[in-house]
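Below: one structure, written as structure tokens.
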Amino acid sequence: MFSLQSLRARLNSLAQCITGKPRSRASISDRALIIRESNIRDAARLVSQLPGITNLGQGLPEYPAPQILKDAAIAAINADWNQYSNTWGYPQLREAIARKMKHYNGIDANPETEITVTVGASEALNASLLATINPGDEVIIFEPFYENYHPNVAICGGTPRYVKLHSPTWTFDRNELAAAFNKRTKVILINTPHNPTGRVFTMDELSFIADLCKKWDVLAITDEIYEYMVYDGRKHVSMATLPGMRERTITISGLSKTFSITGWRLGYAVAPEKYTRALRRVHDYLTLAAPSPMQIAGITALNMPDEFYAEMVAKYQQLRDQICEVARQSGFEFAQKPEGTYYLFTDPSKLGFENDRKLWEHLLYQHKLATVAGYCFFRPDADTNHIRFCYAKSEKTISAAKEKLTAFRESQRSGS
């Protein structure tokens, strides 16, 4: 666990040892120094520069957006929906979100006072934390975690308190979680379905977390961006639907993953009115408003029939099964298939590489296969050896990945 105060002291000490003088007041901010560069985005940049790469790295669905959505966006631009919207989103879109939240999530939300449209789910999370966390407040984060969570907490001066999801099944120990709660705990971050592990938290697990939140008066911020991507008959459960949690939960989601429109940057936060008022003030000065024509097209997205989601889940489940088979045959171990998301998180430790950074580089440069090294999903000083594959890809890409993973395994067996 770290704090900005302790890091500041260490940096001042180091600067004085090297230069004989304390750090200049004009130096880089402490929060910027804490934030490490993204392996996911680094990989994406390399993929664009290297020829012949098969990309199972960044979570970019390799499918065109539904034509009806593209037509709606074009129509919105041509109809001159091209100026700033209401800061917290067009009323029509907020009403569509409210209908979706009731129909799918089981949450009643007032579009006027409890829904904020943001520039992606990432901004919704940042705004939520900035609106609720003071320096020194503790934020519980399950580890491994989506890599943004660490800098998100650092930016607002919070202190992360990590609770392990234990491999190979990626479940938390209840005693460890209970011990993490204390009088300084302000927020617990919950991501279900979970990136990178693919876990879908059960009702029993969520109920245990909810009881702790109520006991300690802690706010739950839930990242549910993969909410539709649950497999093998499982159901997504929103924390806000549990008894006593509606008034202490901020639910975050968006349209990027579900509709293959990651570049449209449409997210939203659903929260009780007192939290919504606060995060809207922060959102106003972070980004002002989400892109107007994309918001109007988003209404069409949220009105898609249930069959759209059923077809998407069936497609991803089939792709999941394919990548699981070839990954296991190639020496990447995992205890169970992903229950949700479109990621496979594996243990390659028996393949003989020093760590996941080395294996990531080997796959990229020697076999032209882009993945994500697991270290970016853990605290900075963690010793890690995991590789994440994204399977939201075309059959052509999955087929090419199979060939490259097979060639990798053969090279491992031959010692070449």
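The values are calculated or read from the model by the stated rules, or taken from the named source; none is laboratory data. A quick note: this is a predicted structure, and the numbers were derived from the prediction, not measured. Cβ: placed from backbone, ideal geometry, glycine included. Neighbour counts: every protein chain shown.
Points to keep in mind about this one:
- Residues (in a strand (DSSP E or B) and over 18 Å from the mean Cα position of the chain (by Cα)) located in segment 179-190: Thr185, Lys186
- Filter result (buried (at least 21 other Cβ atoms within 10 Å of the Cβ) and touching a Pro at 6+ places or on another chain (Cβ under 7 Å)) within segment 375-398: Phe377, Ile387, Arg388, Ala392
- All conditions in (1) under 22 Å from Ala121 (Cα atoms); (2) in a helix (DSSP H, G or I); (3) among the aliphatic types (A, V, I, L, M) hold for Val47, with the sole exception of (1).
- Residue identified as touching a strand residue (DSSP E or B) at 6+ places or on another chain (Cβ under 6 Å) and within 29 Å of Arg161 (Cβ to Cβ) among Tyr343, Tyr375: Tyr343
- Complete set of residues in segment 268-282 that are surrounded by 24 or more Cβ atoms within 10 Å (Cβ to Cβ) and either part of a strand (DSSP E or B) or of a type in the set (Asp, Glu) (or both): Tyr268, Ala269, Val270
- Single residue of Asn175, Asn148 found to be surrounded by fewer than 22 Cβ atoms within 10 Å (Cβ to Cβ) and out of contact with any helix residue (DSSP H, G or I) (no Cβ under 8 Å at 6 or more places or on another chain): Asn175
- Odd one out for Leu364 among (1) under 20 Å from the mean Cα position of the chain (by Cα); (2) surrounded by fewer than 23 Cβ atoms within 10 Å (Cβ to Cβ); (3) touching a residue at least 40 places away in the same chain (Cβ under 8 Å): (1)
Residue-wise test of (1) at pLDDT 95 or above; (2) outside any helix (DSSP H, G or I); (3) closer than 30 Å to Arg281 by Cα.
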{"residue": "Leu125", "(1), (2), (3)": "yes, no, yes"}
{"residue": "Leu129", "(1), (2), (3)": "yes, no, yes"}
{"residue": "Gly136", "(1), (2), (3)": "no, yes, yes"}
{"residue": "Phe142", "(1), (2), (3)": "yes, yes, yes"}
{"residue": "Pro151", "(1), (2), (3)": "no, no, yes"}
{"residue": "Gly157", "(1), (2), (3)": "no, yes, yes"}
{"residue": "Pro160", "(1), (2), (3)": "yes, yes, yes"}
{"residue": "Leu177", "(1), (2), (3)": "yes, no, no"}
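- Top-ranked residue of segment 125-137 - restricted to ones that are surrounded by 23 or more Cβ atoms within 10 Å (Cβ to Cβ) and not polar (S, T, N, Q), ranked as farthest from Val270 (Cα to Cα): Leu129
- A residue that is buried (at least 18 other Cβ atoms within 10 Å of the Cβ) and more than 22 Å from the chain's Cα centre (by Cα) can be found somewhere in segment 334-349.
- A residue that is farther than 21 Å from Lys100 by Cα, loosely packed, with under 15 Cβ neighbours inside 10 Å and either in the same structural domain as Tyr375 (by TED's automatic domain parsing) or within 23 Å of the chain's Cα centre (by Cα) (or both) cannot be found anywhere in segment 290-311.
- Count of residues meeting criterion [closer than 14 Å to Tyr342 by Cβ, over 9 Å from the mean Cα position of the chain (by Cα) and buried (at least 24 other Cβ atoms within 10 Å of the Cβ)] in segment 191-210: 4
- Scanning segment 229-267 for residues that are among the hydrophobic types (A, V, I, L, M, F, W, C), surrounded by 24 or more Cβ atoms within 10 Å (Cβ to Cβ) and over 24 Å from Gly59 (Cβ atoms) yields one hit, Ala240.
- Within segment 63-74, the presence of at least one residue that is among the small types (Gly, Ala, Ser) and assigned to a helix (DSSP H, G or I) is confirmed.
- Top-ranked residue of segment 30-87 - restricted to ones that are surrounded by fewer than 16 Cβ atoms within 10 Å (Cβ to Cβ) and of a type in the set (Phe, Trp, Tyr), ranked as modelled with the highest pLDDT: Tyr84
- Any chance Ala72 is under 22 Å from Ala121 (Cα atoms) and either in contact with a Leu (Cβ under 8 Å, 6 or more places away or on another chain) or without any contact (Cβ under 8 Å) to a residue 24 or more places away in the chain (or both): no
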